[in-house]
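Below: the structure, in structure tokens.
Where a number appears in this text, it was derived from the coordinates with a stated rule and is not lab data. On a predicted model such as this, the values are computed, not experimentally measured, just so you know. Methodologically, a virtual Cβ is constructed for each residue, glycine included, from the backbone with ideal geometry; neighbour enumeration extends over all protein chains shown.
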Amino acid sequence: MTPDMKVMIAGVEFDNPVLTASGCCGYGEELAQLYPLSKLGGLVTKSITLEPRLGHPPPRTAETVSGMLNAIGLANVGIEAFIREKVPFLAKQQTRIIVNVAGATIDEYVEVSRRLNDVAVLDMIELNISCPNVDQGGIQFGSDPYLTEKVVAAVRAVFARPLIVKLSPNVTSIGDIASAAEAGGADAFTVMNSVIGTAVDIDTRRPRLTNNKGGLTGPAIKPIALAMVDAVHSRSRLPIIGVGGISDWRDAVEFFLCGATALQIGTALFVEPEAPLKIVHGLKDYLRKNKMKSITDLVGRLEKY
Ligand SMILES: Cc1cc2nc3c(=O)[nH]c(=O)nc-3n(C[C@H](O)[C@H](O)[C@H](O)COP(=O)(O)O)c2cc1C
């Protein structure tokens, strides 16, 4: 018996529940040289803004124990070049395409989303209201329930397909932010973006990132991400895409049990680009061994004390 790996999110069917995370494989071109992207449940693009951005000067990544810090600063080609240069490639890929949208102002989020509304190839957008690495926008919206609802509602009004809101762990109550996003019209959540952190070079006495701080990702943040998925799952019935420190299928199982319907793989791609494929394989084995017919049978099945 082959277990059913299909999942539905906001009316869109995914062949399997393992996607790549924003910012960890650009626009997919390099990954497609290693394996057909049809093996992924879906691909999430780097955050797209209205204008092209170079991001912060290097060093903008630093290794830590069990993780990495980054402060890329939303380097991206901008919406015009994205549509002109990246969409034709994405249109040829047999996988679900999710475009991640960022902005410094509500108007910017709206304008980028409005232009994406005319791009047939993408299945959904993921609203990044949780980037910790820019001076304006990002987490400013995602740490205030009022602004969260406002930006989500404004994008909802111009974008007709499903809208995922990517939440930040750097808040007092992620449940309150999730509720605000839902009130604004979100269809699903991605939980979570990176955790604010920094590292210091003790010889130069300078931060190891030119942005002075950055976002911690990788195995170190998995326990935080699991708790955040559980918190959002307890608060809302909307589907959750879990992300944060997933390296192998065992990690993946933990996220499904805590309430995720699908997953994204970020930092692990830098270590092992095939990680998503191995995770799908391992999940199938786990389901078979446990005599479960579908991956959806795992979702939210945590037996709490
Ligand atoms: C180098 C790098 C760049 C990232 N860029 C973005 C981005 O542009 N937009 C976004 O929403 N998240 C971005 N993220 C966050 C990831 O999508 C993901 O939420 C986070 O890395 C946690 O997952 P992980 O531990 O599997 O990496 C980035 C992460 C890394 C490591």
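Things worth noting here:
- Neighbours of Lys293, meaning other residues whose beta-carbon lies under 15 angstrom from its beta-carbon, give a summed charge of +3 when Lys and Arg score +1 and Asp and Glu score -1.
- Diagonalising the gyration tensor over the Cα atoms of the stretch 1-100 and scaling each eigenvalue by 5 before taking the square root yields semi-axes of 26, 19, 12 Å, largest first.
- Size descriptor, Kirkwood hydrodynamic radius, that averages inverse alpha-carbon separations across the stretch 161-240, Å: 14.0 Å
- DSSP finds beta bridges in the stretch 7-298, and of those with both partners inside it, around 35 percent are antiparallel.
- Added length on full extension, which subtracts the Cα-Cα distance from 0.36 nm per residue, Ile196 to Leu34: 55.2 nm
- Within the straight-line cut-off of under 29 Å between alpha carbons, the lysines reachable from Lys166 are Lys6, Lys39, Lys46, Lys86, Lys92, Lys150, Lys213, Lys222, Lys278, Lys284, Lys304, sequence neighbours fewer than 8 places apart in one chain being disregarded.
- Estimated dipole of the chain in Debye, rounded to 20 [Cβ of Lys and Arg +1, of Asp and Glu -1, Cα centre]: 480 debye
- Shape parameters for the chain, alpha-carbon atoms, Rg then Dmax in Å: 18.0, 59
- Annotation for the stretch 213-244: trypsin sites (Lys or Arg not before Pro) lying in DSSP loop with at most 14 further Cβ atoms inside 10 Å of their Cβ are Arg237.
- Expected 222 nm ellipticity per residue - DSSP helices of 4 or more, -39500 (n - 2.57), all of the chain, to 500: -8500 deg cm²/dmol
- Rounded to whole Hz, the Karplus (6.51, -1.76, 1.60) HN-Hα couplings of the stretch 135-144, x for glycine and proline: 6, 10, x, x, 5, 4, 6, x, 10, 10
- Candidates Leu19, Leu147, Leu226, ranked by Gaussian network fluctuation over the chain, Cα under 10 Å, top entry: Leu147
- Of the trypsin sites (Lys or Arg not before Pro) found in the stretch 271-305, those in coil by DSSP whose Cβ has at most 16 other Cβ atoms within 10 Å are Lys291, Lys293, Arg301, Lys304.
- Coil-residue trypsin sites (Lys or Arg not before Pro) of the stretch 52-92, DSSP, other Cβ within 10 Å capped at 16: Lys92
- Top positive-direction residue, dipole computed over the chain with Cβ charges, set Ile177, Leu302, Gly242: Leu302
- Springs between Cα atoms under 10 Å define the GNM used for the chain, and in it the highest mean-square fluctuation of Arg115, Arg206, Arg96 occurs at Arg206.
- Separation of alpha-carbon centers, the stretch 198-276 and the stretch 97-162, rounded to whole Å: 21 Å
- If you take all other residues with their beta carbon under 14 Å from the beta carbon of Ala32, and give Lys and Arg +1 and Asp and Glu -1, the sum is 0.
- Note on His56, His233, His281: ascending count of other Cβ atoms within 10 Å places them as His281, His56, His233, the fewest first.
- Compactness of the stretch 182-305, taken as the C-alpha radius of gyration over 2.2 N^0.38 Å, stands at 1.22.
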